[in-house]
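Heads up, the thing below is written out as structure tokens.
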Amino acid sequence: MSQTPATLPAAEAEYNFKHGERLTYKIYYNWNFVWLAAGEVSFKVFDEGKQFHFQAYGETYDSYEWFYKARHVHNSWADKTTLLPNYSEREIQEGDRTNFEKIKFDQNSRKMTVWRSKKKGESETKTEHTVKEKVHDILSSLYYLRTVDFAKQSKGYEELFRIFMDQEEFPLKMRYLGKEERVKVRGMGKFNTLKFEPQVIVGDVFKDEDKMTVWVSDDENKIPVLIETPVSVGSVKMVLKSYSGLTHELSAKL
């Protein structure tokens, strides 16, 4: 097992993502044994000098909103030398419920400042929190984990990392399950992959026994191509729909 390293390569060219990378996924929801195309989520990378700006935007399709309407926007600004976040914003709309949250990460002093409101621009509540270790947010952790060379590790290896979300610190781990070849990705063909089981945060969405499975391209890009997970009701798949701006050729695609 390992802990998040203190520093990572400082030059953008040494990462397996870069400014302009965009990954889009189609989300399928299993309802009464029927897979419904529910929405899409896109992940983008921006280079802003000494930091990366990571952005995720997801929403349900209009045709699905008779059942459930959702829109999530998450922005994270992370230091280039550590990929740890300095600041993040998250906007959530789920049905009639809306929330806006912004977080200032003081990684050196282990102090997190959180502002929350119903909507962006409305009156905010402010809280401060102390964490035990330096922490990622959900978005920065995804890009950090892409830099770990799991292919050189044995099956069962676990990479440890920590996340701060919902005003709490969570120690988590990414478990490597080995290589899996010729994995079929709907609409995209087949990929040679690395297979993972991320630890989930137990709460409203996940239960103790829930297991998420992630298949990542077995090449220098290390992009997720397929994600399967149970949720409180049913199950969800995220399937790679399109990609652009990759650092390397997607050689794992057969």
Rg to Rh quotient for the range 39-106, alpha carbon positions, Kirkwood Rh:
1.09
Carbon/sulfur fraction of accessible area - the range 115-156, other protein chains in place, 1.4 Å, %
47
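With each run of n ≥ 4 DSSP H residues scored as -39500 (n - 2.57), what mean residue ellipticity at 222 nm is computed for the chain after dividing by its residue count and rounding to the nearest 500 deg cm²/dmol?
Working: 1 runs with 9 residues, N = 254.
After summing the helix terms and dividing by the residues of the chain, the value is -1000 deg cm²/dmol.
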Which value in nm describes the separation of the simple spin-label points at residue 72 and residue 179, placed 7 Å from the Cα toward the beta carbon?
3.2
Identify which of the listed values of Cα extents along the principal axes in Å was calculated from the structure shown: [x] 50, 46, 35; [y] 48, 39, 34; [z] 63, 36, 36.
[x]
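About the Cα centre, and with charges only on the beta carbon of Lys, Arg (+1) and Asp, Glu (-1), how big is the dipole of the chain? Nearest 20 debye, please.
Numbers: 39 positive and 39 negative charges, 56 e Å.
Charge dipole, the chain, about its Cα centre: 260 debye, nearest 20.
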Please name whichever of 242, 75, 107 sits farthest to the positive end of the charge dipole of the chain, dipole taken about the Cα centre and charges placed at Cβ: Lys and Arg +1, Asp and Glu -1.
242
Per residue, in Å², the accessible surface of the chain once ligands and nucleic acids are set aside, probe 1.4 Å:
52
Which far-off residues, 5 or more places away or on another chain, put their amide H under 5 Å from the one on residue 180, with H placed in the peptide plane?
193, 194, 195
Å³ per residue enclosed by the Cα convex hull of the range 103-254:
159
Applying the Karplus parametrisation 6.51 cos²θ - 1.76 cosθ + 1.60 with θ = phi - 60° to the phi angles of the range 83-94, what ³J(HN,Hα) value in whole Hz is obtained for each residue in order, glycine and proline being reported as x?
6, 7, x, 9, 7, 8, 9, 9, 10, 10, 10, 10
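With charges set only on the Cβ (+1 for Lys and Arg, -1 for Asp and Glu), what does the dipole of the range 19-155 come to about its Cα centre, in debye to the nearest 20? Show your work: numbers first, answer last.
Working: 23 positive and 20 negative charges, 85 e Å.
Around 420 debye, computed over the range 19-155.
From the Cα trace of the range 72-168, what convex hull volume per residue do you get, rounded to a whole Å³? Intermediate results must be reported in sequence, preceding the final value.
Values: hull volume 11.9 nm³, N = 97.
Per-residue hull volume (Cα only) is 122 Å³.
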Would you be so kind as to identify which of 123, 183, 147 lies farthest towards the positive end of the dipole of the chain, taking Lys and Arg as +1 and Asp and Glu as -1 on Cβ and the Cα centre as origin?
183
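The values are calculated or read from the model by the stated rules, or taken from the named source; none is laboratory data. These numbers come from a predicted model, not from an experiment. Cβ coordinates were reconstructed from backbone atoms using ideal geometry, including for glycine residues, and neighbour counts include every protein chain displayed. Accessible surface is based on the protein model in full, side chains and every heavy atom, while ligands, DNA and RNA are left aside. Shrake-Rupley method; radii C 1.70, N 1.55, O 1.52, S 1.80 Å.
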